[in-house]
Amino acid sequence: MDTLALDLARFQFAFTVSFHIIFPSFTIGLASYLAVLEGLWLKTNDDKYIQIYKYWLKIFSVTFGMGVVSGIVLSYQFGTNWSVFSDKTGPILGPLMGYEILTAFFLEAGFLGVMLFGMKKVGRKLHFSATCVVAFGTFLSAFWILSVNSWMQTPAGYSINEAGQFIPEDWLAIIFNPSFPYRLVHMLLASYLTTAFVVAAVAGYHLIKANHNPLAKTMFSMALWMIVVVAPLQIIVGDFHGLNTMQHQPAKIAAMEGHYDSHDGAPLILFGIPDDQAKEMKYQVAIPKLGSLILTHELNGRVQGLDAFPEADHPPVSIVFWSFRVMVGIGFGMLTIGLVSLWLRKKGKLYQTPLFHKVCVLFGPAGFVALISGWITTEVGRQPFTVYGLLRTADSASPIDAVAISWSLTAFVVVYLCVFGAGFFYIIRLMQKSPTRYEQALEARLPDGAEVPPASHPNRLP
Amino acid sequence: MDYALIWYGLIGFAVLIYVVLDGFDLGIGILFPKASNEAERDLMMNSIAPVWDGNETWLVLGGGGLFAVFPLAYSIVMPALYAPLIIMLLGLVLRGVSFEYRFRTKRGKFVWSIAFFAGSIAAAATQGIMLGAMLQGIEVDGRSYAGGWFDWFTPFTLFCGFATICAYALLGACWLVIKLPQELADRYYDVAKHWGVALVLCIVVVSAWLPLTHEIVSERWFNLPNSMLYFMVPILAVVCIWQLFKSLNNHQAVRAYLFGIGLFIVSALGFSVSTFPYIVPFAVTYADAAAPDGSLKFLLTGTVFLLPMVIAYSGYAYWVFRGKLKHDEGYH
């Protein structure tokens, strides 16, 4: 396996997985939001909730479709490009993914049809159940796949057989491996935040156009309450996750913090240009002692630098260092937006401040950027291993030559950019339409779903 | 207990269910150019819109299951079938997004009709090619694939690809007869017959071609006394074919559909007779490829409960959307 083929295979996986994660991270949050909306509708009988539901349902169905197809690719890509990894980790990771398919994928797929097209066929209560089941399915899916990912970061409960395969010894230890609870909560909150910012951006956009739009107001208010609660919570959870990483993957923390050298009372490096050759941080702007305070919760705590680890085990510092800063920076930006919204709400000006609405529109994609930066931090920070400390990335790849991988990579890039570019365009177009009292559900497009002209629309479902 | 054998059966079951379910759904994509206008294509697509996602999940179960319980087979077969697999995945991406995109645009609708057709036919053909590549055998050295990058590209595998297109189109036509409004549906009886004839010819050719060129296969089939049992397979095939055409002639759509599925099951039996106990023909047996019992048991425990549930609620989804699509006056 030459290094070019390895790099191409890595790039291909990074490309397909990054594209994929955009969709589920949005659908996890959106499915829960839809369940809440439909629940509120059933409870209050206020039609505005079901109209908001129908508005987002169209966006949900496009996003979900893109998530499904980009996910199928991943379930086969382990084998095509990472066959040695598959052979060795299959006995452990395979069953976890098997459970993801059996508990989550089928559940989502089975009830998605009812959720999208079935309101008139099954009635309100059953339809609400279908929405809840789909939302629960997205949660289960996150549960299993994060267990898989966390095991690659902090492997536990295994032994190794003579063929070099990882063999299960204790399934509970495997599933609930040391970094799993932190990663799961961090990811779920990230999905909720991502969705909340998309909803806030769309609502903000329509409030700029017409600040009396009642549906946009409700969306905006709901999204910002979510942000007020989740943004600070996410920062706290992130801190716990970081401490957990320091315990199990100290080299990753060193790269994130940009510490080439070990320190007692380490500074917090805000900015700098990492130089992997010279092993030093150039032009650094740092706050003394704060690094130790955050990581060890002590002013003079010992923080290990990369010099504490063999050079062959160093992750690439610059990528991890920067992606971590992007994520944290956006996180604090989100916190600020939450606080400002509280202040505006108190003054009764939440819907009358176009500048704030514009900031929210600007922050619409922020969740996705933060989420992908976070994943880059943790995945690149795991390098040069696929299974941390045990299986090197270079020893995981398929015996496939660079030519074959570059062809498939080209095909993926071309098809993904066309297909998901078109999807992005359609979603933006859906978002540009104002939410109105005449929202049509998706079943209106089924031939036997009675198509009612908007003017005479009864404004509620049967 | 031989857990590996149970899993061999379960994975085979998942693949068979996939082929039967996504078969009609890919078949509809293959028949897309047959429709007289975009409105009819709307109907065709809507007849599967609520269920296609569930159908495709069985493919994920087939792949994911192989990774879980036969990781060695997964890691050999995937690189061996590299190119057709990637083409299949991209085909599935194209057709999958078309379900939503087609209804999101008026100007660009035809683009997604073409994408739906092209994606479906690419997925069907490559699935057949992969099946053919498995049947002709995969070269293995140690724990990895040792053949060339175009081993999958032979006249035999290409022919299998064509056979699969015929098979899926047949199922798709039967499904359309069941789901479309009466006046549109009847035309698809003839469509089903044409693809059915093509499929029968393909099955005959493959059944002769394989044993003639592959001694290892012919030895299995013509090996007394087992042959007595094996020859049930072609007999069953003849019964299915006969009943299929009889039902099509009598305009009994559901019956025709079921015997079409019967033909798929018989073909799967034929595949097993030709390759069992190999999971990577003719190099690695299911027992050699199996993960340790700890993994097999852990996943089996849940599967015993989950799989019947999956079948039950997937069935429910079909039940909710049962019956013919009612014809809206606005569509003609």
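The values are calculated or read from the model by the stated rules, or taken from the named source; none is laboratory data. Owing to the predicted nature of the structure, the values given are computational and were not obtained by experimental measurement. All Cβ positions, glycine included, derive from the backbone under ideal geometry; neighbour counts span all protein chains shown.
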* Asked: Being surrounded by 18 or more Cβ atoms within 10 Å (Cβ to Cβ), under 16 Å from the mean Cα position of the chain (by Cα), at pLDDT below 90 and small (Gly, Ala, Ser), is that true of even one residue in the range B:1-21?
  -> no
* Number of the condition not met by A:Pro274 [criteria: (1) crowded, with 17+ Cβ neighbours inside 10 Å; (2) farther than 22 Å from A:Val369 by Cβ; (3) modelled with pLDDT under 85] -> (2)
* Asked: Out of all the residues in the range A:40-55, is one or more under 25 Å from B:Thr57 (Cβ atoms), part of a helix (DSSP H, G or I) and among the β-branched types (Val, Ile, Thr)?
  -> no
* Asked: Given the conditions (1) more than 11 Å from chain B (Cβ to nearest Cβ); (2) touching a residue at least 40 places away in the same chain (Cβ under 8 Å); (3) not acidic (Asp, Glu), and given that A:Ile427 satisfies all but one, which numbered condition is not satisfied?
  -> (1)
* Can you name the residue in the range B:93-120 that is crowded, with 24+ Cβ neighbours inside 10 Å and more than 11 Å from chain A (Cβ to nearest Cβ) and, of all such residues, is farthest from the chain's Cα centre (by Cα)? -> B:Phe116
* If A:Ser141 satisfies every condition in (1) touching a helix residue (DSSP H, G or I) at 6+ places or on another chain (Cβ under 7 Å); (2) touching a residue at least 24 places away in the same chain (Cβ under 8 Å); (3) surrounded by fewer than 21 Cβ atoms within 10 Å (Cβ to Cβ); (4) under 30 Å from B:Ile48 (Cα atoms) but one, which is the exception? -> (3)
* **Single residue of the range A:393-408 satisfying the filter (more than 7 Å from chain B (Cβ to nearest Cβ) and crowded, with 20+ Cβ neighbours inside 10 Å) that is nearest to B:Trp112 (Cα to Cα)** => A:Ile405
* Residue in the range A:76-98 that is modelled with pLDDT under 90, closer than 24 Å to A:Arg183 by Cβ and among the β-branched types (Val, Ile, Thr) present -> no
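Residues are listed down the side, and each one gets a yes or a no for (1) within 7 Å of chain B (Cβ to nearest Cβ); (2) hydroxyl-bearing (Ser, Thr, Tyr); (3) buried (at least 23 other Cβ atoms within 10 Å of the Cβ):
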site: A:Asn81; (1), (2), (3): no, no, yes
site: A:Phe85; (1), (2), (3): no, no, yes
site: A:Lys88; (1), (2), (3): no, no, yes
site: A:Ile101; (1), (2), (3): yes, no, yes
site: A:Phe105; (1), (2), (3): yes, no, yes
site: A:Glu108; (1), (2), (3): no, no, yes
site: A:Leu112; (1), (2), (3): yes, no, yes
site: A:Val122; (1), (2), (3): yes, no, no
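Give A:Ile227, A:Ile253, A:Ile235 a once-over and let me know the one that is among the β-branched types (Val, Ile, Thr) and surrounded by fewer than 19 Cβ atoms within 10 Å (Cβ to Cβ). Step through it out loud before you land on a result.
On the way: A:Ile227 fails: surrounded by fewer than 19 Cβ atoms within 10 Å (Cβ to Cβ); A:Ile253 fails: surrounded by fewer than 19 Cβ atoms within 10 Å (Cβ to Cβ).
One residue alone meets the criteria, A:Ile235.
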* Please tell me if B:Leu90 is under 19 Å from the mean Cα position of the chain (by Cα), within 18 Å of A:Phe105 (Cα to Cα) and assigned to a helix (DSSP H, G or I). => no
* To do: Might you let me know whether the range A:51-64 holds any residue that is at the interface with chain B (Cβ under 7 Å from one of its Cβ atoms) and touching a residue at least 40 places away in the same chain (Cβ under 8 Å)?
  => yes
* Does B:Ser314 satisfy being within 14 Å of chain A (Cβ to nearest Cβ), under 23 Å from B:Ala173 (Cβ atoms), assigned to a helix (DSSP H, G or I) and modelled with pLDDT of 85 or more? -> yes
* To do: Determine if the range A:269-282 includes at least one residue that is among the acidic types (Asp, Glu) and touching a Ser or Thr at 6+ places or on another chain (Cβ under 9 Å).
  => yes
* **Number of the condition not met by B:Ile265 [criteria: (1) over 30 Å from B:Leu210 (Cα atoms); (2) away from every other protein chain (no Cβ under 14 Å); (3) within 20 Å of the chain's Cα centre (by Cα)]** => (1)
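Output the residue which, of all residues in the range B:271-292 that are assigned to a helix (DSSP H, G or I) and more than 10 Å from chain A (Cβ to nearest Cβ), is nearest to B:Val217 (Cα to Cα).
B:Ser274
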* **Which listed residue is out of contact with any Lys or Arg (no Cβ under 6 Å at 6 or more places or on another chain), in a helix (DSSP H, G or I) and more than 30 Å from B:Glu38 (Cα to Cα), from B:Ile216, B:Ile261, B:Ile178** => B:Ile216
* Asked: Does at least one position in the range B:131-144 carry a residue that is surrounded by 24 or more Cβ atoms within 10 Å (Cβ to Cβ), touching a residue at least 40 places away in the same chain (Cβ under 8 Å), facing chain A (nearest Cβ under 8 Å) and polar (S, T, N, Q)?
  -> no
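On the basis of being more than 23 Å from B:Arg95 (Cβ to Cβ) and free of Cβ contacts under 8 Å to residues at least 40 places away in the same chain, does B:Asp186 make the cut?
So B:Asp186 does not fit the description; no.
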* To do: Examine the range A:90-102 for a residue that is in contact (Cβ under 8 Å) with a residue 60 or more places away in the chain, assigned to a helix (DSSP H, G or I) and either hydrophobic (A, V, I, L, M, F, W, C) or within 26 Å of A:Tyr416 (Cα to Cα) (or both), and state whether such a residue exists.
  => yes
* Selection count where residues are among the β-branched types (Val, Ile, Thr) and closer than 26 Å to B:Ile28 by Cα, scope the range B:124-176 -> 5
* Asked: Can you find a residue in the range B:192-211 that is farther than 23 Å from B:Val273 by Cβ and hydroxyl-bearing (Ser, Thr, Tyr)?
  -> no
* To do: Looking for whichever is within 18 Å of the chain's Cα centre (by Cα), modelled with pLDDT of 90 or more and surrounded by fewer than 21 Cβ atoms within 10 Å (Cβ to Cβ) here; the options are A:Val36, A:Val17. Which one fits?
  => A:Val17
* In the range B:159-203, the residues that are at pLDDT below 90 and polar (S, T, N, Q) -> B:Gln182
* To do: Identify all residues within the range A:343-388 that are more than 17 Å from A:Ala190 (Cβ to Cβ) and of a type in the set (A, V, I, L, M); write none if there are none.
  => A:Leu344, A:Leu350, A:Leu355, A:Val359, A:Val361, A:Leu362, A:Val380, A:Val387
* Asked: Is the range B:69-79 home to any residue that is touching a helix residue (DSSP H, G or I) at 6+ places or on another chain (Cβ under 7 Å), more than 9 Å from chain A (Cβ to nearest Cβ) and more than 27 Å from A:Leu116 (Cα to Cα)?
  -> yes
* What's the number of the condition A:Ser341 fails, among (1) farther than 16 Å from A:Trp225 by Cα; (2) buried (at least 16 other Cβ atoms within 10 Å of the Cβ); (3) hydroxyl-bearing (Ser, Thr, Tyr)? -> (1)
